Amino acid sequence: MTFELATAGHATLPALYTAAEVAALLRCLESAPAAGPNFRRSQDVFAIRHLLGEVPALWPLLATSALRGLLHELLPAGCHLTKAIYFDKPAGSNWLVAWHQDLMINVDRRAADLPGFGPWTAKAGWVAVQPPVEVLENTVTIRLHLDDCDATNGALKVVPGSHLGGVAPAETIAARTASATVCTVPAGGAMLMKPLLHASNRSTSSRPRRVIHLEFSAAELPSGLAWRERREIV
């Protein structure tokens, strides 16, 4: 698993959570409030950013021994959670995601004169920055699927190995997507990925695609800068 993630930039675990654990997660999400600046709702998508801040009851359900064991395997020196988002792509959603890399991290403030950090963005009270490559290389994303997911309901397409070249210049992306593969994941399974090129199509299915997106890092930020959503893994 660790070797596959390091070389291809992605891997799939078909059963990280049981059916009962997935049902409990869905009940918790469905009981959460659905309004506020961190909630986005439209005909094609429902999303919650700063997920564990908005729905704190989720973390005890997510932090199973299976997740902790996986994190110890992937980041044996220890890690912390840095970002959590919920994505609900309803049946027949017309929402697609263009090819991109996840390069920005959420931080608590804008700090001046930090070598290697930038560009910076600020939106709706949130500050984000692109960190040095070393920080990105120490980041692992775990996407927990709460529904069976395939190409018809928005499974991610990825370009294997594209995380190895650092930040991909925009003008080179189109030429690299010919080798893309679709990451099919069953409910309760997880897709693991490094910051590689990925995208997703519009849904043509009657099934939803509900995903909890978690990012973990073993990297520490310079003094004066902190991860906005940092949560220790103990």
Got a sec? Charge dipole of the chain, +1 on Cβ for Lys and Arg, -1 for Asp and Glu; which of ALA20, GLY36, THR141 is way out at the positive end? GLY36
Which lysines, if any, have their Cα less than 19 Å from the Cα of LYS89, not counting same-chain residues under 8 positions apart? LYS157
Which entry in [x] 0.98; [y] 1.18; [z] 1.02 matches Cα Rg over 2.2 N^0.38 Å derived from the coordinates of this structure? [x]
Mark the label point 7 Å from the Cα of ALA66 along Cα→Cβ and return the residues of the range 10-27 whose backbone N is within less than 15 Å of it. 12-26
Compute, for the chain, the length of the dipole vector about the Cα centre, with Cβ point charges of +1 (Lys, Arg) and -1 (Asp, Glu) only. Units Debye, rounded to 20. 540
Only Lys, Arg (+1) and Asp, Glu (-1) charged, at Cβ; the range 39-171 dipole about Cα centre in debye: 360
With the convex hull built on the Cα atoms of the range 184-230, state its orientation-averaged projected area in nm². 5.3
Relative contact order %, the chain, counting alpha carbon pairs below 8 Å whose residues are six or more apart: 34
Label 7 Å along Cα→Cβ of LEU96; the range 191-222 residues with amide nitrogen under 18 Å? 197-206, 209
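If neighbour count is taken as other Cβ atoms inside 10 Å, put LYS83, LYS157, LYS123 in order from fewest to most.
Values: LYS83 25, LYS157 18, LYS123 7.
Ascending number of Cβ neighbours within 10 Å: LYS123, LYS157, LYS83.
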Each label sits 7 Å from Cα toward the beta-carbon; between SER223 and ALA19 the label points are separated, in nm, by 5.5
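Based on other C-beta atoms within 10 Å, arrange CYS28, CYS79, CYS183, CYS149 from fewest to most.
Final ranking by Cβ density, sparse to dense: CYS28, CYS79, CYS183, CYS149.
A short reminder: the numbers here are calculations on the coordinates, not readings from a lab. It should be emphasised that the depicted structure is a prediction, and the values quoted were computed from it without experimental measurement. All Cβ positions, even for glycine, are placed from backbone atoms using ideal geometry, and neighbour counts span all protein chains on display.
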